[in-house]
1. Specify whether the C-alpha gyration tensor of segment 18-121 places it in the rounded, prolate or oblate class, a ≥ b ≥ c being the square roots of the eigenvalues: rounded for a/c under 1.5, otherwise prolate if a/b is larger than b/c and oblate if not.
2. Among Thr116, Leu155, Leu226, whose Cα lies farthest out toward the positive end of the dipole of segment 96-359, if unit charges sit on the beta carbon of Lys, Arg (+1) and Asp, Glu (-1)?
3. Dipole magnitude of segment 96-359 about its Cα centre, charges +1 at Lys/Arg Cβ and -1 at Asp/Glu Cβ only, in debye to the nearest 20?
4. Tell me, what does the Kirkwood hydrodynamic radius of segment 96-359 come to in angstroms if you use every pair of distinct C-alpha atoms?
5. What number comes out for the charge environment of Ser171, summing +1 per Lys or Arg and -1 per Asp or Glu over other residues with Cβ under 11 Å away?
6. Using just the alpha carbons, could you tell me how many Å³ per residue the convex hull of the chain encloses?
7. Which log10 I(q)/I(0) values does segment 294-337 give at q = 0.22, 0.30, 0.34 Å⁻¹ under the Debye formula, counting every alpha carbon as one identical point scatterer?
8. Suppose only helical runs count, i.e. DSSP H with n ≥ 4. What mean residue ellipticity at 222 nm does that imply for the chain under -39500 (n - 2.57) per run, divided by all residues and rounded to the nearest 500 deg cm²/dmol?
Amino acid sequence: MMQTSSLVTEKPALLNPMQLNLDKFRGQEPIRLLDNAILQRQAARESNARSYPRRIPLVLEQAQGIYLRDTAGQIFIDCLAGAGTLALGHNHPVIIEAMRRTLDSGLPLHTLDLTTPVKDRFVEDLFSILPPGFAKRARIQFCGPTGADAVEAALKLVKTASGRKSVVCFSGGYHGMTHGTLALMGNLGPKAPLGSLGGDVHFLPFPYDYRCPFGLGGDAGIDTGLHYIEQLLTDPESGVLPPAAIVVEVVQGEGGVIPAPNRWLRELRRITRERGIALVIDEIQTGFARTGKMFAFQHADIEPDVIVLSKAIGGGLPLSVVVYDSVLDTWKPGAHAGTFRGNQLAMAAGIETLRYLRDEQLDAHAVTMGARLTRHLTSMQTSHSCLGDVRGPGLMIGVEIVDDRQTPRTGYAPPADPALAKSLQRQCLENGLILELGGRHGSVVRFLPPLIISPDEIDQVAESFQRGLRAALAERHPPEEKMPTGVCMETA
Ligand code: PLP
C-alpha cells in the first residue's frame, strides 16, 4: 500500500469566515477605476512588455474564492483567475492549509528533481487520473516551472525519440512565450519583431467553425481540414518532412476559445498513429476539469502520446510537467533540466486541488455552471447581435464580438469588432467583472472563472456582463470601413 505522508492527510476545516462574498459584491458603491501612486510606479518601473495591468489597472490587496478586492476596498469577480490557473479560486482553505502544513513540517521546499513523500504522492495521484492504459506506460518529467518550459521539454522529447526535426501545429494555437514555443504560436504579433524562431514548424488549419478556414463550416469544414492534413502528410511533394509530432490544444484558449470537434480529434489520433507521429496534447489550460472532464481529450475518448500540464496542477503555484508514453523515453539523463523543478509547495497544493476536484465532482459542476452561463449569454444574443458566437465547454467560454452593423460576405460571419470587445472589457471591469480578451484581433471575450463558482455567482457574472455590454454599446463608434487585418500584439 502506498505510504501516506502526514503532509497530505485529512481534509481541513475552513480557516476563515467568508470575508468577500456575493452580498458584499452586490452591496458595494459603484466601482470607480482610479489611477494611484502604485499604478503610476508600476507603469514607470515595469517593462513595456507588461500586459494585463494595461487592461486591468488594479492594485490588489485581498482575494477569496472568485473575488478580488483592491486597495480602495472595491470587490471584483475574477473570471480570469490566473489565466485559468485557479481551479479552486483564490486562497481556497484546503490549499492554504496544505501549504501551512508543508511549511510547518520542515520539508525542503526546493529539491531540484530529488524526490520527497509529497512529490511521490503528487505523481501517484496524477497517474491515478490518467487513462488507465496510458498510465501503465507513462513517464513524467518535471519541468521548470512554467507551461512554456513543459512544451519545450515535449518538443525535445519527441524530436529525440523520433530523430525527426520538424513539428506540426495549428493556426490560432498558443503554447507559451519562450523563443521555442513562440515558433508554434498562431498569433503573429509577438513573433513579428523576432524574425526566425528556429525550428522547423508547419501550421495547419484548426477547425474553427464560426470562421471556417475553408469557408465551409460544419461537417464539410471538418472533413476538408482532415483531408488536407492527411494529404499533407502523405504527399511526397508536400514540402513537409515527416514531423516528430503534431502539437494541439483540444480547446484553443488564447486563440479565442475554439473547441476542436471530437470527431476531428479522433481522426487526428488515427492519422498520427498510422504514421508514427507523436500526438502532443497541450492541456495546460484545459486540464484539471476546466472543460468538464479531468482532461479535455477525454471528451473525444482518445489517448495522446504526450500530455503537457501546468496551471491548475499546482493549485495556483508554479508547476509544470510532461507525461508521456515510455516508448518516447529515449532522451538522455539531464536532457531537460531546470533549477525550479522541485516546488514542493506547489505539489502539496496540487495534491489538495486534485483531491477537492474529485471529492466535490467539480468536473460535473463545471458542466452545469458552464451551461448556465451559456444560457444567459445565448439569451443575450437574441437582443444583441454583436455577440456573434457563444462557445466553449465547461467553464472555458468565449463570446466572439462582431460588428453586426456590417454586411458579411455570403456564408461568412460578420467581421470582428475589436474596438467593441476592448470597450466591453473595460465596461465590465467598471461593473466589477474581470474578463480577458483573446482570439483573432482580441475580439473574443473569455470567461475562465474558478470551478467553485456557484449558480448565484454565475447569474451575477451574466448580470454584470450585460451591464458592461449596454454601456459599451452606448459608447460604440461608427462602423469601421473594413475588417481589421492588423496583427494583435497583446496576449497572455
Ligand atoms: N499552453 C497553453 C495552452 C496555454 O494556455 C499557456 C498559457 O496560457 C501556455 C501553454 C504557456 O504557459 P505559461 O504561460 O505558464 O508558460
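Every read-out reported here was derived from the displayed coordinates using simple, explicitly stated rules and does not represent laboratory data. Computed from a prediction, not measured in an experiment: that's the story for all the values here. Backbone-built Cβ (ideal geometry, glycine too); neighbour counts: all protein chains shown.
1. Working: a/c = 2.66, a/b = 1.54, b/c = 1.73.
It is oblate, given that a/c is not under 1.5 and a/b is not larger than b/c.
2. Highest projection toward the positive end goes to Thr116.
3. The calculation lands at about 400 debye.
4. 19.0 Å
5. In short, +2.
6. 158 Å³
7. -0.91, -1.09, -1.16
8. Details: 15 runs with 175 residues, N = 492.
After summing the helix terms and dividing by the residues of the chain, the value is -11000 deg cm²/dmol.
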